[in-house]
Amino acid sequence: MVTVVCGADSETANLQGRTIADVRNLYTNVFNIAPDAIAKVNGKQVGPDYKLQPDDKVVFEKVANKFRLAA
Amino acid sequence: MALRLTNPERSVVVGVGGGWLTPVLLSFFNSCFNPEAHLVLVDGGIFTFDQTDHEFFFRPGNKAKVSAEFIRWCFPHLSVEAVPKYVGVVEHDDVVSPADIIRSGDFVFQQVDNARTKNLIEAHVRTLADITVISGGTDRDQARILVYLRRKGIDITPPLSSYCSDVANPTDESPAEKLKGVDGCLEHVRKTGDVHPFAMLTASVLMLDAFYMVCRQEAAGRLAEFPYYELWHDVAAGRCRAERLPVNL
């Protein structure tokens with residue numbers, strides 16, 4: 001099982017063997033992943049071709065940098 | 001059982017603006033539990049009445065000064081200081097360096113809009129023996145806070161740069177440059193309609209929650225067990241997610 005995280009959203013699913021690009025496509029709308037969000041697996045930045053291993057934790061880094069209405 | 005809390009001597013709020021509620025809530029807390037505390041408000045920005053869609057200041061003027069004035073009126077027995085400058089590299093009269101406003105032992109409430117300032121603040125606070133940095137921000141409907149704890153020169157929670165790429169390698173502008181050409185926030189609401197006006201207020205409350213937890217855990221000698229270092233709250237979906245340190249078994 002692989003855990004996918006973006007901001008307040010998190011899900012654990014059977015995604016081992018899938019690439020980061022696949023997972024990004026799967027979760028873009030559901031988790032509102034920004035097009036330029038960096039993908040990190042177990043804390044290290046990875047590219048779109050990285051294949052997920054069992055127990056990997058993928059974080060699509062969301063920047064909540066604003067203390068104002070504009071995102 | 002009586003409530004036991006540590007009493008931070010000095011709190012520094014960096015960036016008041018959209019986080020205008022934070023100093024008010026903190027002063028409310030201090031007036032009750034820590035009346036000897038000294039509060040420093042730091043912001044170079046100017047409030048005008050066309051910003052009332054997301055900020056509250058009772059009159060136009062420098063945000064740090066006006067906020068300090070309001071707090072002194074509400075809580076006249078508290079000690080409040082205004083630094084009407086941006087935090088950054090000292091190149092202008094309206095910019096102050098982190099080392100000039102943040103000391104060892106301080107509790108810092110970081111509410112700035114740019115990663116470069118966060119990077120500068122982190123570079124400074126990591127040289128201090130004792131520091132608490134609670135950083136808050138929003139992204140549309142989601143509020144996020146980050147908690148950096150350091151005691152006797154040892155990190156208890158990770159520094160922000162270890163998991164925030166934008167803080168580790170900032171690419172945005174310095175405070176003075178950044179705040180010059182920003183669209184009015186009401187323009188953004190009109191364009192997208194996808195913002196939640198209470199996300200910022202939620203971020204303020206979450207920051208104060210974390211502050212309270214630090215005071216309580218530290219008084220109990222259990223700061224190493226602080227429950228999270230990153231907290232997300234989706235105000236629209238009603239979801240929360242916390243990142244916690246691994247448990248040492």
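The values are calculated or read from the model by the stated rules, or taken from the named source; none is laboratory data. Please read these numbers as outputs of a predicted model, since none were measured by experiment. Don't worry about glycine lacking a Cβ; one is built from the backbone with ideal geometry, like all the others, and counts go over all protein chains shown.
Which residue, of A:Ala13, A:Ala34, is small (Gly, Ala, Ser) and within 9 Å of another protein chain (Cβ to nearest Cβ)? Before you say what the answer is, go through the steps one by one.
Values: A:Ala13 fails: within 9 Å of another protein chain (Cβ to nearest Cβ).
Step by step, each of A:Ala13, A:Ala34 is checked, and only A:Ala34 is small (Gly, Ala, Ser) and within 9 Å of another protein chain (Cβ to nearest Cβ).
Does segment B:44-56 hold any residues that are closer than 24 Å to B:Asp100 by Cβ and assigned to a loop (DSSP other than H, G, I, E, B), and which are they? Give the derivation first.
Of segment B:44-56, the ones closer than 24 Å to B:Asp100 by Cβ are B:44-47.
Passing the criteria: B:Gly44, B:Gly45.
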* **Those residues of segment B:2-43 which are in contact with a strand residue (DSSP E or B) (Cβ under 9 Å, 6 or more places away or on another chain), more than 14 Å from chain A (Cβ to nearest Cβ), assigned to a loop (DSSP other than H, G, I, E, B) and within 16 Å of B:Val133 (Cα to Cα), in sequence order** => B:Pro8, B:Glu9
* Return the total of residues in segment B:70-98 being over 16 Å from B:Val112 (Cβ atoms) and under 19 Å from the mean Cα position of the chain (by Cα). => 6
* Being surrounded by 15 or more Cβ atoms within 10 Å (Cβ to Cβ), at pLDDT below 60 and within 11 Å of chain A (Cβ to nearest Cβ) is the filter here, so list the residues in segment B:158-183 that pass it. => B:Lys178, B:Leu179
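Name the residues in segment B:144-157 that are more than 7 Å from chain A (Cβ to nearest Cβ) and surrounded by 21 or more Cβ atoms within 10 Å (Cβ to Cβ), would you? Quick ask: steps written out before the conclusion?
Of segment B:144-157, the ones more than 7 Å from chain A (Cβ to nearest Cβ) are B:145-157.
Answer for segment B:144-157, where residues must be more than 7 Å from chain A (Cβ to nearest Cβ) and surrounded by 21 or more Cβ atoms within 10 Å (Cβ to Cβ): B:Ile145, B:Leu146, B:Val147, B:Tyr148, B:Leu149, B:Thr157.
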* To do: Might you check whether a residue that is touching a helix residue (DSSP H, G or I) at 6+ places or on another chain (Cβ under 9 Å) and of a type in the set (Asp, Glu) occurs anywhere in segment B:74-85?
  => yes
* Within segment B:58-67, how many residues are more than 14 Å from chain A (Cβ to nearest Cβ) and either more than 25 Å from B:Pro8 (Cα to Cα) or touching a helix residue (DSSP H, G or I) at 6+ places or on another chain (Cβ under 8 Å) (or both)? -> 5
* Structure fact -> How many residues of segment B:44-56 are within 14 Å of chain A (Cβ to nearest Cβ) and among the hydrophobic types (A, V, I, L, M, F, W, C)? The answer is 2
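Could you identify the single residue in B:Met200, B:Met207 that is modelled with pLDDT of 95 or more, within 16 Å of the chain's Cα centre (by Cα) and in a helix (DSSP H, G or I)? Can you show your working first?
Values: B:Met200 fails: modelled with pLDDT of 95 or more.
When all the criteria are applied, what remains is B:Met207.
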* Asked: Of all the residues that make up segment B:219-238, how many are surrounded by 19 or more Cβ atoms within 10 Å (Cβ to Cβ) and part of a helix (DSSP H, G or I)?
  -> 1
* Could you name every one of the strands (runs of 3 or more DSSP E) located completely within segment B:96-165 that has at least 2 residues being of a type in the set (A, V, I, L, M)? => B:131-139, B:142-151
* Given (1) more than 10 Å from the chain's Cα centre (by Cα); (2) within 22 Å of B:Ala237 (Cβ to Cβ), where does A:Val5 come up short, assuming only one miss? -> (1)
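Looking at segment A:39-54, can you tell me whether even one residue there is aliphatic (A, V, I, L, M), surrounded by 14 or more Cβ atoms within 10 Å (Cβ to Cβ), within 12 Å of chain B (Cβ to nearest Cβ) and under 9 Å from the mean Cα position of the chain (by Cα)?
Taking segment A:39-54 first, the residues aliphatic (A, V, I, L, M) are A:39, A:41, A:46, A:52.
Subsequent filtering for residues that are surrounded by 14 or more Cβ atoms within 10 Å (Cβ to Cβ) retains A:39, A:41, A:46, A:52.
Right, trim to within 12 Å of chain B (Cβ to nearest Cβ) and you get A:39.
Among the residues that remain, those that are also under 9 Å from the mean Cα position of the chain (by Cα) are: A:39.
So far as segment A:39-54 goes, yes, one or more of its residues are aliphatic (A, V, I, L, M), surrounded by 14 or more Cβ atoms within 10 Å (Cβ to Cβ), within 12 Å of chain B (Cβ to nearest Cβ) and under 9 Å from the mean Cα position of the chain (by Cα).
Identify, please: which residue in segment B:107-126 is of a type in the set (Val, Ile, Thr) and modelled with pLDDT of 95 or more and is, among those, surrounded by the most Cβ atoms within 10 Å (Cβ to Cβ)?
As a first pass, look at segment B:107-126 and keep what is of a type in the set (Val, Ile, Thr): B:108, B:112, B:117, B:121, B:125.
Now narrow it down to the ones that are modelled with pLDDT of 95 or more: B:108, B:121, B:125.
Values: B:Val108: 25, B:Ile121: 28, B:Val125: 24.
If we take residues in segment B:107-126 being of a type in the set (Val, Ile, Thr) and modelled with pLDDT of 95 or more, then B:Ile121 is surrounded by the most Cβ atoms within 10 Å (Cβ to Cβ).
With respect to B:Val89, is the statement that it is among the β-branched types (Val, Ile, Thr), modelled with pLDDT under 90 and out of contact with any strand residue (DSSP E or B) (no Cβ under 6 Å at 6 or more places or on another chain) true? Please lay out each step first, then the result.
Working: among the β-branched types (Val, Ile, Thr): yes; modelled with pLDDT under 90: yes; out of contact with any strand residue (DSSP E or B) (no Cβ under 6 Å at 6 or more places or on another chain): yes.
Here the answer is yes, as B:Val89 does meet what is asked.
Okay, residues lined up against (1) over 25 Å from B:Tyr229 (Cα atoms); (2) of a type in the set (D, E, K, R):
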{"position": "A:Val5", "(1), (2)": "no, no"}
{"position": "A:Glu11", "(1), (2)": "no, yes"}
{"position": "A:Leu26", "(1), (2)": "yes, no"}
{"position": "A:Asn32", "(1), (2)": "no, no"}
{"position": "A:Ala39", "(1), (2)": "no, no"}
{"position": "A:Lys44", "(1), (2)": "no, yes"}
{"position": "A:Lys51", "(1), (2)": "yes, yes"}
{"position": "A:Asp55", "(1), (2)": "no, yes"}
* Structure fact -> Expected output for segment B:30-56 (first residue within 14 Å of B:Thr6 (Cα to Cα), partner at pLDDT 85 or above and assigned to a strand (DSSP E or B), Cβ below 8 Å, 6+ apart or cross-chain) is B:Asn30/B:Ser11; B:Asn30/B:Leu39; B:Glu36/B:Ser79; B:Ala37/B:Arg10; B:Ala37/B:Ser11; B:Ala37/B:Ser79
* Structure fact -> Scanning segment B:1-37 for residues that are at pLDDT below 95, closer than 25 Å to A:Ala64 by Cβ and in contact with an Asp or Glu (Cβ under 7 Å, 6 or more places away or on another chain), the one surrounded by the fewest Cβ atoms within 10 Å (Cβ to Cβ) turns out to be B:Gly17
